[in-house]
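The values are calculated or read from the model by the stated rules, or taken from the named source; none is laboratory data. Since the structure is predicted, the reported quantities are computational estimates derived from the model, not experimental observations. Neighbour counts run over all protein chains shown; Cβ positions are idealised from the backbone, glycine included. Ligands, DNA and RNA are stripped out before the accessible areas are found, and what is left, the full protein with its side chains, is counted by its heavy atoms. Shrake-Rupley method; radii C 1.70, N 1.55, O 1.52, S 1.80 Å.
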Amino acid sequence: MPVASAAVSAPCEAAAWLAELAGAPLPGPRQENWRFTDLTSLTRIKPCLADSGFDPAGPSLPAGIERLQPEAAEALLTSVLEASGSSQHWPVQLNRAAVARRAGGLLALHVRGSVAEPLLHNLRPVADGLAAHQLVLLLDPGASLELVELVDAASVGGDPAAMTAAALSALTVVQLGEGARLRAGMVALGRSGLSLLSHWIAVQDPGSHLSLTTALGGWDLARFEPRIVQTAGAADTQLRTLQACSGEQIIDTHSYVRFDGPEGRLDQLHKAMADGRARSVFNGAVQVPRPAQRTRAAQLSRNLLLSARARIDTKPELEIVADDVTCTHGATVSRLRDEELFYLQSRGIAGDQATALLKRAFCEDVLRDLPAEAAGLNPLALLLDPV
């Protein structure tokens, strides 16, 4: 009996600590946006804030980028969160409280003109507890930047089998001025015992262009929420997401795009692979209110089920009030095709190699849009064969 009591006390203690830190109870299955996201892995973490070693004053910055003063950073952060409707999201509340309690987790930058070098933002998960980071970017009108965000659990070190549970909370907030261009790529590779809560929020002025490509895999639990608002339409948004889960893992992507003016554009492709007893979740909401006439939005969710016990839940959504739009959405869930496997095997390729080739081809549609600097992490190999 004492053993059973100890087994449940840690999750209860962590859940209470997380709720107190965020100022709100953990989301649960009775909330529509969280009904497929089991937070059990998150409640196993040690209830403490961890020092991940991230030094916001340390990294050198490419020419054309300068640091924002704390007051300006806070004002921008608050403005973007309110414009995107994200202020009351539980992971955002958790992140803001964690960063406020442990100084040093914020990097706030002002981008002026065209930046020739990519900006590299490396985050390192911790061995136990909760680590939290914020990246705040202000792009002037006409500015351009390539951003690469890397989260590599291999940097934690140690034996994965001996790791205690830990979590990383990451918040990226971006304001794109008129005509600004941002090409962003995020590769987040976890491993057993680790959880990730990531919000990626952008507000776009007219004429701006945003390309965001994300690859996620290897986490016990990962929740990724990109939220984009075109303040007056007439902007261009491209979203690419690839998530891979296996074993008992859960990866959940909840995206949100809203057009507050006419002639906006969206091209969104979400891909997922689920193996073992894993669960992949996608909910993609696109809002086109009456002022957003002549909007062009395309959203596609393609999913690969690799085992009979894995589960994929996908729900693309279009909420259209404007009457002069071109909007499409679709979702597919399929398995590897026997005829494709047979074709490769008939040409001397072994069964395992044929399967790997087909999975690789499935992933490439997304990974080829990652910035070149992200390729050094070799995300494809790690996604197909996670730690």
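Between Ala24 and Arg290, what FRET efficiency follows from the Cβ-Cβ distance if R0 is 22 Å, with the result rounded to 0.05?
With a Förster radius of 22 Å, E is 0.10.
What accessible area, in Å² to the nearest ten, does a 1.4 Å probe give for Asp323?
Spelled out: Asp323, probe radius 1.4 Å, area about 130 Å².
Averaged over all directions, how much area does the convex hull of the C-alpha atoms of the range 199-353 cover when projected, in nm²?
Reported value for the Cα convex hull: 10.0 nm².
Based on the Kirkwood radius over alpha-carbon pairs, what value in µm²/s does the Stokes-Einstein equation return for the translational diffusion coefficient of the range 119-239 at 37 °C and 0.692 mPa s?
Answer from the Stokes-Einstein relation: 218 µm²/s.
Among Gly264, Gly190, Gly64, which one shows the highest mean-square fluctuation when the chain is modelled as a Gaussian network with alpha-carbon springs under 10 Å?
In this elastic network of the chain, the residue with the biggest mean-square fluctuation among Gly264, Gly190, Gly64 is Gly64.
When all protein chains stay in place, what accessible area (Å², nearest 10, 1.4 Å probe) is found for Leu39?
20 Å²
Once amide H atoms are built 1.01 Å from N in the peptide plane, which residues 5 or more positions from Met273, or in another chain, come under 5 Å H to H?
Close amide H contacts, sequence-distant or interchain: Gln243, Ala244, Cys245, Leu304.
Protein chains only, probe 1.4 Å: how do Lys359, Lys315, Lys46 rank by accessible area, largest first?
Putting Lys359, Lys315, Lys46 in descending order of accessible area: Lys46, Lys315, Lys359.
Please report, for the Cα atoms of the chain, the Rg to one decimal and the Dmax as a whole number; what are they, in angstrom?
Rg, Dmax (Cα atoms, Å): 20.7, 65.
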